[in-house]
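Quick note: the coordinates plus some simple rules give every number you see, no bench work behind them. This one's a predicted model, so the numbers in the text were calculated from it and none came from an experiment. Heads up, the Cβs are rebuilt from the backbone with ideal geometry, glycines too, and the neighbour counts pull from every protein chain shown.
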Amino acid sequence: MEKKITLEDIARILDRYDVVELEDVKIKGDVELELSTGVAIPPSVVQALQSMMGMQKEGISVVSEEKGIEELELIPTKFEVAKTEWNGQIEEVTIGATSADGGTREATVTIGGEKALPFYNFDHQTPHPPVISVDCFDMPISLAKAVREHYEDVMEDPGEWAKKNVREFGADMVTIHLISTDPTIKDTPAREAAKTVEEVLQAVKVPIVIGGSGNPDKDPEVLEAAAEAAEGERCLIASANLNMDYERIAKAALEHGHVILSWTQLDINAQKTLNRYLFKLGVPREDIVIDPTTAALGYGLDYAFTNIERMRISALKGDTDLAFPISCGITNAWGAREAWMKDSPIKEDSDWGPSVYRGPLYEIMTGLTLGIAGGDMFMMMHPKAAGAVKRVTQMLFGAKEAEDEGKKVRIEDWVTWK
Amino acid sequence: MKLNSPMEVWKYLPGTNCKECGEKTCLAFASLLMERKKKLEECPPLFEPKYAEKGKKLAELLAPEVREVEIGIGERARKMGGEDVMHRHERTFFNRTVLVYDVWDTMKEEELRERVRKITEWKKFYVGEFLKVDAIAIRSVSGEAKTFAQCVKRVAEETDFPLVLCSFNAKVIEEGLKEVSNRRPLIYAADKENWKEFLGIAKRFKVPVTLFSPDLDMLNSLAVTFSSAGIEDIVLDPGTYPEGGGLEQTFSRFVRIRRAGIADGNKGIAYPLIAVPMTAWMVHGSKAENALAASYWEAIIADLFIIKYADIMILHSIEPHSLIPVRTLVANIYTDPRRPVSVEPGLREIGNPTERSPLFVTTNFALTYYTVESDISSNKIDSYLMVVDSEGIGVESAVAGGQLNAESFKDALESFKAADKVKHKTMVIPGLAARLSGETEDVTGWTVLVGPRDSGRIPDWMDKNWPPETGSKTMAR
């Protein structure tokens with residue numbers, strides 16, 4: 001006849017021998033335990049039974065009374081998580097050339113080189129912190145009030161503007177946008193634009209980015225002249241894209257020793273295509289930075305984020321067509337009406353508050369979000385926004401010099417903070 | 001979820017196409033199960049003995065990798081966690097970060113009620129709906145149970161938002177809970193000292209509970225202990241250090257916990273995570289002159305953990321400059337990346353337009369369309385809005401890329417029979433498409449007016465430009 005043994009019996013046996021833990025015990029087959037009320041089972045025994053049977057998830061309620069809780073003990077656990085190792089590595093690209101390399105920059109900037117997702121230092125230390133290039137233009141332009149007030153005194157003079165970006169706003173790099181060359185704006189000749197580039201190179205000693213007007217017909221000519229004027233300085237030429245004569249721009253960059261920015265519009269396949277065209281033209285891998293397009297917070301940032309994140313993951317998985325440092329035009333954040341408009345045009349909206357507070361935060365959050373996606377370089381405009389993105393990315397990078405007020409705070413005290 | 005395609009789900013279904021679930025086929029039901037648009041319970045045959053084995057297995061396989069925990073009740077209840085992927089493009093994130101704003105028990109009653117109203121009434125229009133925030137955290141600053149309970153009572157009178165009751169003192173939490181025991185608040189927080197008391201409370205009141213420890217062995221240990229005691233509605237707080245190396249480590253902890261849960265399948269730690277960007281205020285201080293800096297830094301921390309991987313977070317700044325971008329970022333990151341980005345082209349009526357009303361033109365990029373539509377309708381401008389097919393691309397890019405041109409305007413005017421609706425033969429194109437105006441006039445024979453670059457400026461534009469002078473004779477008729 002089958003002998004039945006109840007849980008109470010087991011408990012009694014275990015208790016008799018003062019057993020609190022069962023080791024190397026396996027119970028095979030279906031086991032059903034019914035804990036009837038009124039049976040006093042020491043919780044430690046139940047816990048032991050339970051862990052031995054791997055029943056943590058089975059949802060049996062073992063603590064039927066408060067006094068059972070009193071006798072509970074923490075189940076010691078070691079938190080473990082696997083490291084992620086990738087096959088691919090992002091190209092390391094240096095912008096700017098010092099006198100040793102035939103340029104006149106005092107320092108250079110290096111980006112890329114990642115073997116892990118941004119700031120996943122626990123997988124692999126991010127080799128270089130992201131850098132900030134602050135924009136200036138070759139003519140006065142219309143800017144949101146919050147931005148304009150920082151540049152009003154230098155708008156007529158690109159050299160002074162560039163200087164201010166470095167001296168006062170701590171820019172790692174400066175971008176000179178030659179927008180006046182656009183035939184529908186001022187149609188400034190390429191030769192003159194080249195002079196502006198020389199002026200900026202004279203004014204600052206940091207590496208520079210040279211941007212055209214975005215006019216696909218005029219840009220090749222303008223960027224060619226600019227590349228020639230900046231011979232040997234290893235500037236970043238912005239940019240080549242599929243809708244224009246990218247070949248002419250790429251050749252100019254190649255001939256005069258510059259890095260080229262390969263720009264596509266939120267399209268991973270187009271980015272691969274353009275990069276392959278550049279390889280074919282003989283552009284070395286260490287001379288390419290990509291710009292997959294930045295959309296503002298609230299105006300397509302989700303597309304830009306996912307586009308960049310996917311490119312970065314593909315690159316780490318081994319897609320060498322995409323394994324390049326990523327530049328993001330964060331100034332685009334000001335296209336969001338919430339960044340600059342005084343009041344909401346929507347009558348039912350809650351009050352928007354002062355636009356001068358909103359704008360910089362739109363730029364900061366657009367920048368940081370794309371930094372987490374994979375951005376290595378941010379072209380920015382508002383000094384406070386540039387400073388904040390620099391500071392937080394330095395911290396995430398793990399910079400030693402990043403101050404650490406946070407450590408002095410007992411964080412759980414936020415509950416009682418006044 | 002361990003299944004990768006509707007076919008894999010289908011294998012566990014009866015396969016009889018009985019239509020009891022309301023779908024035509026089991027396969028259709030399978031794909032909706034995967035999208036979490038249908039529940040297993042909607043397939044009654046699956047619970048018959050014949051299929052019970054399969055049904056049980058399917059339930060296990062479909063369960064999200066990160067446990068889903070709900071706070072609050074009724075319409076305002078919010079789900080947290082329930083995620084299956086590390087990156088949104090791998091499928092989608094399912095439950096957006098629950099945004100919780102704080103009040104505290106030393107506030108004067110009027111001040112308290114006012115703040116609760118500000119939090120609960122805040123709204124911002126975005127892509128066809130009003131964004132709102134989600135919940136209120138009540139902090140025990142006084143440390144006195146009665147004071148806390150009274151505060152909880154007042155907040156509960158003022159709103160039906162889900163609540164988070166915050167104190168490390170179990171007595172305080174318990175008093176507070178008595179006021180709102182039927183509203184399923186989240187309690188915050190059990191730690192290595194007080195966990196037994198919190199475990200007892202969580203059991204007795206059947207409420208979700210937060211476990212706090214920046215030491216991940218301890219955090220995992222707490223989670224396993226609570227779980228083995230039958231408590232599964234758990235939220236984990238690995239601590240939010242606001243600056244420097246502390247912030248770097250915090251980022252690391254959030255990512256590694258989520259990775260352990262999803263990629264490594266460690267169920268013992270696969271719970272929703274809570275971040276507290278509010279700790280930014282502890283380094284910047286509460287003085288008025290530091291408030292802007294503190295609110296910026298809080299938003300920065302929020303940004304980090306909205307993306308990686310907080311399922312709920314507690315914030316302090318309720319200034320519009322904080323609320324707007326933070327809530328917008330949540331909307332962006334937690335939008336299903338597979339959703340269509342375009343709306344149906346066509347001719348929409350806004351308000352009660354007549355044949356003398358203006359005809360505005362925009363693209364079928366959803367974001368553009370909803371922005372323009374809401375700008376016009378909220379300003380009560382009776383008009384027609386012609387949505388042109390730009391392949392789902394916004395105005396500026398579509399003009400540059402050629403998806404929006406004079407021909408597409410012409411096609412739209414003809415196929416939507418615009419001439420039957422308005423007699424003035426005048427269209428208002430977006431300011432960002434200004435350079436198409438001449439060619440469009442030539443191709444269509446319509447008069448083209450260039451509207452503002454931002455549709456928010458349409459009311460001003462109307463004052464100056466409508467009705468058009470050239471058409472005034474027609475108008476007057």
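Assorted remarks:
- None of A:GLY335, A:GLY353, A:GLY318, A:GLY300 is farther than 25 Å from B:ALA366 by Cβ, small (Gly, Ala, Ser) and within 9 Å of chain B (Cβ to nearest Cβ) except A:GLY353.
- Those helices (runs of 4 or more DSSP H) of the stretch A:295-388 in which at least 1 residues are of a type in the set (Ser, Thr, Tyr), considering only elements entirely within it, cover A:301-317, A:355-373.
- Only one entry of B:VAL399, B:VAL372, B:VAL395, B:VAL387 meets the criterion of being in contact with a Lys or Arg (Cβ under 8 Å, 6 or more places away or on another chain), surrounded by 23 or more Cβ atoms within 10 Å (Cβ to Cβ), in contact (Cβ under 8 Å) with a residue 12 or more places away in the chain and of a type in the set (A, V, I, L, M, F, W, C), and that entry is B:VAL387.
- Within the stretch B:178-224, the set of residues being aliphatic (A, V, I, L, M) and under 22 Å from A:VAL81 (Cβ atoms) comprises B:LEU211, B:LEU216, B:MET218, B:LEU219, B:LEU222, B:ALA223, B:VAL224.
- Members of the stretch B:290-321 found to be in contact (Cβ under 8 Å) with a residue 60 or more places away in the chain and more than 9 Å from chain A (Cβ to nearest Cβ), listed by number: B:PHE305, B:TYR309, B:ALA310, B:ASP311, B:ILE312, B:MET313, B:LEU315, B:ILE318
- Residues of the stretch B:177-205 satisfying the condition of being in contact with a Ser or Thr (Cβ under 9 Å, 6 or more places away or on another chain), under 17 Å from A:LEU74 (Cα atoms) and not small (Gly, Ala, Ser): B:ASP191, B:LYS192, B:TRP195, B:PHE198, B:LEU199, B:LYS203
- The stretch A:367-399, residues that are of a type in the set (Ser, Thr, Tyr) and either more than 8 Å from chain B (Cβ to nearest Cβ) or surrounded by fewer than 24 Cβ atoms within 10 Å (Cβ to Cβ) (or both): A:THR393
- Per-region count, the stretch A:65-112, residues part of a loop (DSSP other than H, G, I, E, B), more than 14 Å from chain B (Cβ to nearest Cβ) and under 22 Å from the mean Cα position of the chain (by Cα): 6
- Residue check, B:MET278 at the interface with chain A (Cβ under 9 Å from one of its Cβ atoms) and more than 27 Å from the chain's Cα centre (by Cα): no
- One residue stands out in the stretch B:268-289 among those that are in contact (Cβ under 8 Å) with a residue 40 or more places away in the chain and in a helix (DSSP H, G or I): the one that is nearest to A:ALA399 (Cα to Cα), namely B:VAL283.
- Residues of the stretch B:70-119 satisfying the condition of being β-branched (Val, Ile, Thr) and within 11 Å of chain A (Cβ to nearest Cβ): B:THR92, B:THR106, B:ILE119
- Tally, over the stretch B:124-160, of residues that are among the hydrophobic types (A, V, I, L, M, F, W, C), within 30 Å of A:GLY300 (Cβ to Cβ) and in a strand (DSSP E or B): 4
- Unique match (being surrounded by fewer than 21 Cβ atoms within 10 Å (Cβ to Cβ), assigned to a loop (DSSP other than H, G, I, E, B) and over 30 Å from the mean Cα position of the chain (by Cα)) among A:PRO129, A:PRO140: A:PRO140
- Within the stretch B:190-215, tally of residues that are within 8 Å of chain A (Cβ to nearest Cβ) and under 29 Å from the mean Cα position of the chain (by Cα): 2
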